[in-house]
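Everything below concerns the one structure shown next.
The values are calculated or read from the model by the stated rules, or taken from the named source; none is laboratory data. The model shown is predicted, which means the values in this text are computed figures rather than measured ones. Because the Cβ atoms are built from the backbone with ideal geometry, glycine has one as well, and the counts that use them run over all protein chains shown. Just the protein is used for accessible areas: all its heavy atoms, side chains included, with ligands, DNA and RNA removed. Shrake-Rupley method; radii C 1.70, N 1.55, O 1.52, S 1.80 Å.
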Amino acid sequence: MTYEVPEIPGEQTEDPTGHHEEHGWPLWEVFVRPKRGLNHSHAGSLHAPDAEAAVQNARDAYTRRAEGISVWVVPSAAIHASDDSEAMFEPFEDRPYRHPTFYDIPDEVGQM
Amino acid sequence: MTGEDRFLETIAADDKVEPRDWMPDGYRKTLIRQIAQHAHSEIIGMQPEGNWITRAPTLMRKIILMAKVQDEAGHGLYLYSAAETLGVSRDELQHLLHTGQQKYSSIFNYPTLSWADIGAIGWLVDGAAIVNQIALQSTSYGPYARAMVRICKEESFHARQGYSILLALSRGSEAQRAMMQDAIDRWWWPSLMMFGPPDVESTHTEQSMEWKIKRVTNDELRQQFVDQTVPQGEHLGVTFPDPDLTYDEGSGHWMIGDIDWDEFWAVVKGDGRLSRERIAAKVRAWEEGAWVREAAAAYAEKVSLRRTA
């Protein structure tokens, strides 16, 4: 459980990504609903041969202490992500009038 | 703005780097190495404690120990998942562990000789891990930081169950107190070594601090651990195997004697008598579990055929 194991002779120091072909089970993303009334939210991922086994594994890996009352599992490959570079979200910065704080309301008017 | 500018800005702003962001190769490589070692340590760490499950003194202690060892497996899984977001596969990480090309913490190359060792591991080894992992909750890589938050929530149970084992022994017979003292004598120095070499000799610290992978240095973390642990030991009525251990009124810190770094390097390099055994047991478990994985895959295949039929 240490995080600083010094480099020693024989240790692999090359970048290990993409060297070894993946023969294992597919990757699933796990979403947990902590309690009724709340959204399922992303908890992490795991490997499993199919959805049914993924739900079982998710229960053991992510809800050992009543962290949830319901789980969803989604094949990681089925998730389409946005391009998180600025262009996609930047325009919102130019539109302060979409926020309530853009408007000055006189104090006498009171809470609005 | 280039990817590199954005990366530097994120680090400077104490923001988190996320998997799809541009990051320097060195940053990614350092993280893969560190998270993999951390994950391997959780998995190999199941062995010394698993050794005592069948011999726990009461049924309650037994189910507690099983829950703890199960947590370690869970922690390994959180960390492997975090490593995978950096583009390395689970199979590859396992292959590197099995072939000795990636390491785990040398603390797990010490044997668990008595039941008191299970108490000492919880109190000292998990205690040291908590100090380290709390600091890592603010590491700059998002998936690693989130895994740390999850792990820290569970880790406090580990330290407390260990201390509770020792408390019971401290209120026991002369022989039980002697067994406890013997365990502390053997685990104290290795626990201090868990924080890694002194700052002046640590090859990774400077760059890792710059990238905010690491937020607190080895020596600072070690001092924090000593300061919180020594008073807890007094409550148990144990002594620490360090004649130089003294309280420094001026700084308010407990000062320790010199650490035997020759022993540390010997154990890290695999001279620990158990290191070969630990890896062999891990490989054996993987091979003996092959039929379970094959059966699960075959069942998944059968169910999917039935659904499409």
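Starting from 0.36 nm per residue, how many nanometres of slack lie between B:Tyr299 and B:Asp185 once their C-alpha separation is accounted for? Spell out each step's value before the answer.
Values: separation 114, 0.36 × 114 = 41.04 nm, distance 5.07 nm.
Length difference between fully extended and current span is 36.0 nm.
What ranking of A:His42, B:His98 comes out by heavy-atom accessible area, probe 1.4 Å, highest first?
In descending accessible area the options line up as A:His42, B:His98.
What is the ratio of the Cα radius of gyration of the protein assembly as shown to 2.2 N^0.38 Å, with N the residue count, to two decimals?
My calculation over the Cα atoms of the protein assembly as shown gives 1.10.
Once Lys and Arg get +1 and Asp and Glu get -1 on their Cβ, which of A:Pro49, A:Gly37, A:Ala87 lies farthest toward the positive end of the dipole of the range A:27-99?
A:Gly37
Per-residue mean of other chain beta-carbon atoms within 10 angstrom of the beta-carbon, peptide B:79-89? Write out the running numbers ahead of the final one.
On the way: counts 0, 3, 9, 2, 1, 6, 2, 3, 4, 6, 11.
Partner-chain Cβ atoms within 10 Å, mean over residues of B:79-89: 4.
What value, in deg cm²/dmol to 500, does the helix sum -39500 (n - 2.57) over DSSP H runs of n ≥ 4 give at 222 nm once divided by the residues of chain B?
Dividing the helical sum by the residues of chain B leaves -21000 deg cm²/dmol.
Which of B:Glu288, B:Glu174, B:Glu155 ends up with the largest GNM mean-square fluctuation for chain B, with Cα atoms connected below 10 Å?
B:Glu288
Hey, with R₀ at 25 Å, roughly what FRET efficiency would B:Glu234 and B:Asp199 work out to, going by the Cβ-Cβ distance, to 0.05?
Working: r = 28 Å, r/R0 = 1.12.
Calculated value: 0.35.
Skipping prolines and chain starts, which residues have an amide H placed within reach, meaning under 5 Å, of the one on A:Ala43, given they are 5 or more residues away or on another chain?
The answer is A:Val30, A:Phe31, A:Val32.
If I model chain B as equal point scatterers sitting on the Cα atoms and use the Debye formula, what is log10 I(q)/I(0) at q = 0.09, 0.12, 0.16 Å⁻¹?
-0.51, -0.87, -1.42
Given the options B:Ser156, B:Val125, B:Leu169, identify the residue whose Cα lies farthest towards the positive end of the charge dipole of the range B:123-191 (+1 on Cβ of Lys, Arg; -1 on Cβ of Asp, Glu).
Checking the options against the dipole of the range B:123-191, the answer is B:Ser156.
Based on alpha-carbon centroids, what's the gap between the range A:23-72 and the range B:13-81 in Å, whole number please?
The range A:23-72 and the range B:13-81 have Cα centres separated by 18 Å.
Charges at C-beta only: +1 for Lys and Arg, -1 for Asp and Glu. How large is the resulting dipole of the range A:27-99 about its Cα centre, in Debye rounded to 20?
My answer is approximately 640 debye.
Assuming R0 = 35 Å, can you tell me the calculated FRET efficiency for the pair B:Asp91 and B:Met255, based on Cβ-Cβ distance, to the nearest 0.05?
Here the calculated transfer efficiency is 0.15.
Quick one: Karplus J couplings for the range B:80-87, per residue in order, coefficients 6.51, -1.76, 1.60, θ = phi - 60°, nearest Hz, x for Gly and Pro?
Result, rounded to whole Hz: 4, 4, 4, 5, 5, 5, 8, x.
Quick one: 3J(HN,Hα) in Hz for the range B:180-192, Karplus 6.51/-1.76/1.60 with θ = phi - 60°, rounded, Gly and Pro as x.
Per-residue couplings from phi come out as 5, 4, 4, 5, 4, 4, 7, 9, 4, 5, x, 5, 5 Hz.
Is there a pair in A:Lys35/B:Lys212; B:Lys62/B:Lys302; A:Lys35/B:Lys68 whose C-alpha atoms are over 31 Å apart, and which pairs would that be?
Violating the 31 Å limit, Cα to Cα: A:Lys35/B:Lys212; B:Lys62/B:Lys302.
State which entries of B:Lys214/B:Lys269; B:Lys29/B:Lys282; B:Lys103/B:Lys214 exceed 21 angstrom in Cα-Cα distance in the structure shown.
From the list (B:Lys214/B:Lys269; B:Lys29/B:Lys282; B:Lys103/B:Lys214), the Cα-Cα distance tops 21 Å for B:Lys214/B:Lys269; B:Lys29/B:Lys282.
So what are the three principal axis dimensions of the range A:27-99 from its Cα atoms, in whole Å, longest to shortest?
For the range A:27-99, the Cα extents along the three principal axes come out at 46, 28, 14 Å.
Apply the Karplus parameterisation 6.51 cos²θ - 1.76 cosθ + 1.60, with θ equal to phi minus 60°, to every residue of the range B:134-149 and state each ³J(HN,Hα) to the nearest whole Hz, in sequence, with x for glycine and proline.
Couplings: 4, 5, 6, 4, 9, 5, 7, 8, x, x, 5, 4, 5, 4, 5, 4 Hz.
Using modelled backbone amide H atoms (1.01 Å from N, in-plane), which distant-in-sequence or interchain residues come within less than 5 Å of B:His253's amide H?
B:Asp248
Sort the range B:103-196 into rounded, prolate or oblate with this rule: let a ≥ b ≥ c be the square roots of the eigenvalues of the Cα gyration tensor; rounded if a/c is under 1.5, and if a/c is not under 1.5, prolate when a/b is larger than b/c, oblate otherwise.
prolate
Can you list the residues, at least 5 places off or on another chain, whose amide H is less than 5 Å from the amide H of A:Ala48, using H built in the peptide plane?
Answer set, sorted by chain and number: A:Trp28.
Explain nothing, just the number: relative contact order of the range B:106-232, from Cα pairs under 8 Å at least 6 residues apart, as a whole percent.
Dividing the mean separation by the residue count of the range B:106-232 yields 35 percent.
If you take the accessible area of A alone plus B alone and subtract the pair, what total do you get in square angstrom, rounded to 100, with a 1.4 Å probe?
Values: alone 10090 and 16060 Å², together 21860 Å².
The summed interface area works out to 4300 Å².
Whenever you get a sec, line up A:Glu93, B:Glu18 from highest to lowest accessible area (probe 1.4 Å, protein heavy atoms).
These residues rank, largest area first, as A:Glu93, B:Glu18.
Name the residues of the range A:71-100 whose amide N is less than 19 Å from a point 7 angstrom out from the Cα of B:Thr308 along the C-beta direction?
A:75-78
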